[in-house]
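Below is one structure, written out as structure tokens; comments come after it.
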Amino acid sequence: MTFIPASTGRAVKAVSFDVFGTVVDWRTGIAAAVRRFAGEHGLELDAGAFADAWRARYVPGMRRVSTGQRPFVPLDVLHRENLDGVLEDLGLDLGRFGPAALDELNRAWHFLPPWPDSVPGLSALKRDYIVGPLSNGNTSLLLDMAKAGGLPWDLILGSDVSRAYKPAAEAYLRQAAMLGLEPGEIMLAAAHEGDLAAAREAGLAAAFVSRPLERGPGIPGAGIATQSWDLSVSSIIELAALM
């Protein structure tokens, strides 16, 4: 099959995916890990709120790398630093846990559950297209996630390969270069319009995948596209069918 997006006028050869929120349900996975951690350490925590607070530090942490305030470090390092920050904000003494326990909680980002449509949708797409993550996750994180969740990627190139975090153009262009493709021969599929806008600016095609429950139920406007994209779908299965 051949799909030619209007935005690029080029046949798509690879579909790359944002991962956190688009392919996997980060909030459910992190909240479950936080509940286990709280139980082991006798803590009373709102696991969902903790997951939200941890995630809220994600973009600011990467921005310090993108703006040159600090050298590139893998996302695992940023996640671990952000975890310490959330615990400190709650008034908890990091010393009561020990680094091994915190490192284990941090690894929860390696084992997030896929959305129900992700594996069948990716499997259908890869019959005709190269499929892989285009994520801020580092390679080892994405590999663990794929093995645990059965994500059928054709390749895994983490942000530690491009040494750039989205939405920097290099994060999108390095993958195209390594695949020997023009940017317009790649479509990014993502649940986040900021990610899609940056990809489109870099010359990629863009598909919006609605994930209304990414940040939990009852979020006004969640999962609704506010811009026009090459495709706008409710699942990766639908994306595969349209392509």
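The values are calculated or read from the model by the stated rules, or taken from the named source; none is laboratory data. Every value quoted in this text rests on a predicted model; they were computed, and no experiment measured them. Don't worry about glycine lacking a Cβ; one is built from the backbone with ideal geometry, like all the others, and counts go over all protein chains shown. Remember, those area values only see protein heavy atoms, side chains included, never the ligands or the DNA or RNA. Shrake-Rupley method; radii C 1.70, N 1.55, O 1.52, S 1.80 Å.
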**Asked** So which residues in the stretch 55-66 are over 18 Å from D25 (Cβ atoms) and in a helix (DSSP H, G or I)?
**Response** V59, P60, G61, M62, R63, R64, V65, S66
**Request:** Among residues belonging to the stretch 136-152 that are open to solvent by less than 30 Å² (accessible area, probe 1.4 Å) and assigned to a loop (DSSP other than H, G, I, E, B), point out the one that is nearest to V73 (Cα to Cα).
**Result:** N138
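Of all residues in the stretch 218-228, which are open to solvent by less than 70 Å² (accessible area, probe 1.4 Å) and within 19 Å of the chain's Cα centre (by Cα)?
A222, G223, A225
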**Message:** within 30 Å of Y129 (Cβ to Cβ), open to solvent by less than 50 Å² (accessible area, probe 1.4 Å) and in a loop (DSSP other than H, G, I, E, B): is that true of T2 in this structure?
**Reply:** no
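Of these, V119, V65, which one is out of contact with any strand residue (DSSP E or B) (no Cβ under 6 Å at 6 or more places or on another chain), under 21 Å from A53 (Cα atoms) and surrounded by 15 or more Cβ atoms within 10 Å (Cβ to Cβ)?
Numbers: V119 fails: under 21 Å from A53 (Cα atoms).
When all the criteria are applied, what remains is V65.
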**Request:** Keeping to the stretch 33-54, report how many residues are buried (at least 16 other Cβ atoms within 10 Å of the Cβ) and either in contact (Cβ under 8 Å) with a residue 60 or more places away in the chain or in a strand (DSSP E or B) (or both).
**Result:** 5
**Message:** Among the residues of the stretch 199-210, are any touching a Lys or Arg at 6+ places or on another chain (Cβ under 9 Å), assigned to a helix (DSSP H, G or I) and buried (at least 18 other Cβ atoms within 10 Å of the Cβ)?
**Reply:** yes
**Request:** Of all residues in the stretch 153-188, count the ones that are under 22 Å from D128 (Cβ atoms), touching a helix residue (DSSP H, G or I) at 6+ places or on another chain (Cβ under 6 Å) and not in a helix (DSSP H, G or I).
**Result:** 5
**Asked** Under 9 Å by Cβ, and 6 or more places apart or on different chains, what pairs join a residue from the stretch 1-22 that is more than 12 Å from M187 (Cα to Cα) and free of Cβ contacts under 8 Å to residues at least 12 places away in the same chain with one that is in a loop (DSSP other than H, G, I, E, B) and open to solvent by 60 Å² or more (accessible area, probe 1.4 Å)?
**Response** T2/D128
**Request:** Evaluate the following for A101: is it surrounded by 20 or more Cβ atoms within 10 Å (Cβ to Cβ) and under 29 Å from D160 (Cα atoms)?
**Result:** no
**Fill in**
L196 fails exactly one of (1) part of a helix (DSSP H, G or I); (2) surrounded by fewer than 20 Cβ atoms within 10 Å (Cβ to Cβ), namely (2)
**Item:** Filtered residues of the stretch 153-185 (kept if closer than 22 Å to V24 by Cα, of a type in the set (A, V, I, L, M) and either out of contact with any Phe, Trp or Tyr (no Cβ under 8 Å at 6 or more places or on another chain) or surrounded by fewer than 18 Cβ atoms within 10 Å (Cβ to Cβ) (or both))
**Value:** L155, I156, L157, V161
**Asked** Assuming R215 fulfils every condition listed in (1) closer than 22 Å to P74 by Cβ; (2) open to solvent by 40 Å² or more (accessible area, probe 1.4 Å) apart from one, which condition is it?
**Response** (1)
